[in-house]
Ligand SMILES: C[S@@+](CC[C@H](N)C(=O)[O-])C[C@H]1O[C@@H](n2cnc3c(N)ncnc32)[C@H](O)[C@@H]1O
């Protein structure tokens with residue numbers, strides 16, 4: 001099986017290119033069923049068809065995971081109850097992470113509360129065996145907080161030195177139009193989110209599988225964090241965009257492109 005490759009292909013058609021029990025981490029950010037334009041019809045299915053399609057690809061990717069593997073899926077509230085319930089019949093659910101996109105308060109809905117979050121499900125194949133490295137993603141305390149916790153019950157506590165668990169509400173700004181990492185894609189995810197997922201849930205030199213690469217954020221994070229990647233993207237233009245993004249990242253990291 002090849003590694004560090006993204007196939008410009010429907011993931012359901014290409015899934016046999018990936019060996020069973022070979023993947024450390026799946027990160028999936030499928031079309032949300034909200035009618036976004038990805039240059040194809042993938043986000044235009046009706047409620048029932050959208051759910052059935054999700055169940056099909058989920059069934060196809062789970063066998064690819066090692067026993068120690070984890071699966072993260074990005075969703076919105078519109079479909080997360082059904083899709084989480086479905087995955088829970090096959091895997092152990094560990095977290096529902098709320099990604100607060102830090103949407104500024106400007107007008108918004110007038111007949112209900114404005115929706116400003118995405119939902120990320122975190123599942124493990126085996127609750128006792130899944131890989132998780134909390135220390136790599138702890139958030140350091142600032143000096144003032146550390147100082148405020150000098151009471152004897154805190155002295156010598158590992159978490160005070162290493163930082164705290166990021167918890168399950170992640171307040172990370174969505175990518176603005178002017179942001180340096182911005183690519184031409186309607187639902188590009190911030191690298192900061194992928195870094196946190198990959199560092200905590202895939203060992204160094206392990207293999208991350210993203211069935212819906214979009215702009216290749218998962219691949220970029222894998223490269224930056226010394227992990228391998230594999231994945232699919234249906235849209236030819238996005239696939240070319242990913243190739244360029246990977247080339248640029250490797251240049252920035254001073255990779256020897258001739259190796
Ligand atoms: C939500 S976006 C992923 C965005 C990505 N996480 C990023 O940070 O750029 C979903 C992507 O899946 C692609 N896609 C939709 N159906 C697909 C399929 N059957 N196989 C492979 N890719 C597909 C779309 O073209 C779109 O780019």
Cβ-Cβ under 7 Å pairs, at least 6 apart or on other chains, the range 40-53 side closer than 14 Å to residue 83 by Cβ, far side within 11 Å of the ligand (Cβ to nearest atom) and outside any helix (DSSP H, G or I)
45/33; 50/33; 53/45
Filter the range 215-233 down to residues that are assigned to a loop (DSSP other than H, G, I, E, B) and either more than 9 Å from the ligand (Cβ to nearest atom) or buried (at least 24 other Cβ atoms within 10 Å of the Cβ) (or both) and give me whichever is nearest to the chain's Cα centre (by Cα).
216
Residue hits (the range 13-48; under 21 Å from residue 121 (Cβ atoms) and loosely packed, with under 14 Cβ neighbours inside 10 Å) are 34, 36, 47, 48
Residue 80 passes all but one of (1) at pLDDT 95 or above; (2) over 17 Å from the mean Cα position of the chain (by Cα); (3) within 16 Å of the ligand (Cβ to nearest atom); which number fails?
(2)
Among the residues of the range 87-105, write down those that are surrounded by fewer than 15 Cβ atoms within 10 Å (Cβ to Cβ) and in contact with a helix residue (DSSP H, G or I) (Cβ under 9 Å, 6 or more places away or on another chain).
90, 96
Of all the residues that make up the range 149-194, how many are at pLDDT below 90 and closer than 17 Å to residue 218 by Cβ?
1
Considering only strands (runs of 3 or more DSSP E) wholly within the range 11-125, the ones with at least 2 residues that are closer than 29 Å to residue 236 by Cα are 23-28, 65-75, 117-124
Taking the conditions exactly as written (within 16 Å of the ligand (Cβ to nearest atom), outside any loop (DSSP other than H, G, I, E, B) and surrounded by fewer than 24 Cβ atoms within 10 Å (Cβ to Cβ)), does residue 193 satisfy them or not?
yes
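The values are calculated or read from the model by the stated rules, or taken from the named source; none is laboratory data. Owing to the predicted nature of the structure, the values given are computational and were not obtained by experimental measurement. Using ideal geometry, Cβ is built from the backbone for each residue, glycine included, and neighbour counts are taken over all protein chains shown.
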